[in-house]
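The values are calculated or read from the model by the stated rules, or taken from the named source; none is laboratory data. Everything numeric in this text was worked out from a predicted model, so none of it was measured. Methodologically, a virtual Cβ is constructed for each residue, glycine included, from the backbone with ideal geometry; neighbour enumeration extends over all protein chains shown.
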Amino acid sequence: MANQLKGQEEILRKLNIYELNEMQEEAISTIDSTANTMLLSPTGTGKTLAFVLPLLKTLDPECKDIQALILVPSRELAIQIEHVIRSMGSGYKVNAVYGGRPMSKDKIELKHEPAILIGTPGRIADHFSNDRFSKDAIKTLILDEFDKSLEVGFEYDMRGIIGQLPGLNKRILTSATQGVEIPDFVGFQKPTIINYLGTLVSKLQIKMVISPAKNKSNTLLHLLNHIGNEQGIVFCNLKDSIQGLSTFLESKNIKHGCFNGGMEQKDRERSLIKFRNGTNQLLISTDLAARGIDVPEMKYIIHYQLPMFKEEFIHRNGRTARVSAKGTAYVLKWKDEALPEFIKNVPVEDISKQAVRKPVFWETLFVSGGRKDKISKGDIAGLFIKQGGLTRDQLGLIELKQDCAFVAIPATIAGELVSKLNNTRLKRKKVRVSII
């Protein structure tokens, strides 16, 4: 037990976390001693850490097969959980598999089986049906955001996957919403429920903004200028709406990124990278960004198109005012538009006062070398400081991938840096450097 606690302390230190919150403490204790656990807690409260820490204690370092399966409804959530577990430095191999990336990549990574496999239902079902690895040692099943992964569209794959896991002795289901019926095929008997929904005091403010025109784009522009230079997400219901809104904002010189299920995986990832590092302060998205993506704490979100269901409203709002921070959700309503019944008594905001929007400070550079080339973040920082002439203050967020890296640098010197660093050597590899 002492060794386990010491291991947990080391992991938290690596993550720069000094204290677990009440929900995490209770979840870890419960999951340790319970076969079936349901964890309900708002977005941004640290559910991933709450289920991964006790999961690591169950793993056998001598076992060469997959021991735990984490099923998620989106690619971004798979990538995020993989990143969190890798950051823990537990010594256990972890891989994420999902649609939208080459199957050949999966096959290469799964030749040496991970202890923890994360994936979307469709991709995991494909691997299962082709018997690409042994399932006999899988003892733990985690359904993160189970309210989405157990929806009708996923049922066939989910039923098939769980039916091939006879050795399960632990099931953990997590969500930020409740009231979803669990199908019998999950085998979720007599669960212990940990429910922090409604117990945490939210510092979220909800405000209404009235648009005089049915086309709300000009009102959105006024609202963005009222808010000023802050990071936020604008939510739309349809990807076609995103395209139209993006074209409009581009014409007004508002830097932004787009994010929806119709985009190529590479473009989705790059859009999130540029949002995380501050190159884009605005993300226009469908409800895909309402959950399961790794983005910084933000001051506001905007419902450009009104959500159709209460769950969507909750998840969108959960992107701001997370844990103890303050945040605002703006409901943008055409003057003759009817509000859904779950949006009530919202005060109207006066947006006549306009802030001065400053040019965005950061730009993002692509570097054509990554982990597989034995390149580290320190190597990249060294290249930009020594050969690029940057000071440490001028070097922004570095995101290192398997085969490339992305570096945030001041926009005013982006072109100059590309000229200096393109086709230079980094760890014996000649790398290309370009603006994305």
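Values for this structure:
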{"read-out": "Output for the range 291-312, where each listed residue is in contact with a Phe, Trp or Tyr (Cβ under 7 Å, 6 or more places away or on another chain) and at pLDDT below 90", "value": "295, 310"}
{"read-out": "Which numbered condition residue 402 misses (of (1) out of contact with any Gly (no Cβ under 7 Å at 6 or more places or on another chain); (2) more than 30 Å from residue 210 (Cα to Cα))", "value": "(1)"}
{"read-out": "Test: residue in the range 307-315 that is without any contact (Cβ under 8 Å) to a residue 40 or more places away in the chain, more than 24 Å from residue 404 (Cβ to Cβ) and over 20 Å from the mean Cα position of the chain (by Cα)", "value": "yes"}
{"read-out": "Looking only at the range 25-52, and only at residues there that are in contact with a Gly (Cβ under 9 Å, 6 or more places away or on another chain) and under 22 Å from residue 79 (Cβ atoms), the one that is modelled with the highest pLDDT", "value": "42"}
{"read-out": "Subset tally (residues that are over 18 Å from residue 51 (Cβ atoms), surrounded by 15 or more Cβ atoms within 10 Å (Cβ to Cβ) and β-branched (Val, Ile, Thr)) for the range 94-121", "value": "1"}
{"read-out": "Pairs where the first residue, in the range 324-350, is more than 19 Å from residue 235 (Cβ to Cβ) and outside the structural domain of residue 302 (by TED's automatic domain parsing) and the second is of a type in the set (S, T, N, Q) and in a strand (DSSP E or B), C-beta under 6 Å, 6+ apart", "value": "none"}
{"read-out": "Unique match (being of a type in the set (A, V, I, L, M, F, W, C), more than 21 Å from residue 288 (Cβ to Cβ), in contact with a Ser or Thr (Cβ under 9 Å, 6 or more places away or on another chain) and assigned by TED's automatic domain parsing to the domain that holds residue 59) among 117, 110, 141, 69", "value": "69"}
{"read-out": "Condition check for residue 71: surrounded by 21 or more Cβ atoms within 10 Å (Cβ to Cβ), at pLDDT 95 or above and under 22 Å from residue 151 (Cα atoms)", "value": "yes"}
{"read-out": "The range 7-56, residues that are touching a Ser or Thr at 6+ places or on another chain (Cβ under 8 Å), surrounded by fewer than 19 Cβ atoms within 10 Å (Cβ to Cβ) and assigned to a loop (DSSP other than H, G, I, E, B)", "value": "15, 21, 34"}
{"read-out": "Check on residue 431, at pLDDT 95 or above and within 24 Å of residue 86 (Cβ to Cβ)", "value": "no"}
{"read-out": "Count - residues of the range 133-158 that are charged (D, E, K, R) and surrounded by fewer than 16 Cβ atoms within 10 Å (Cβ to Cβ)", "value": "3"}
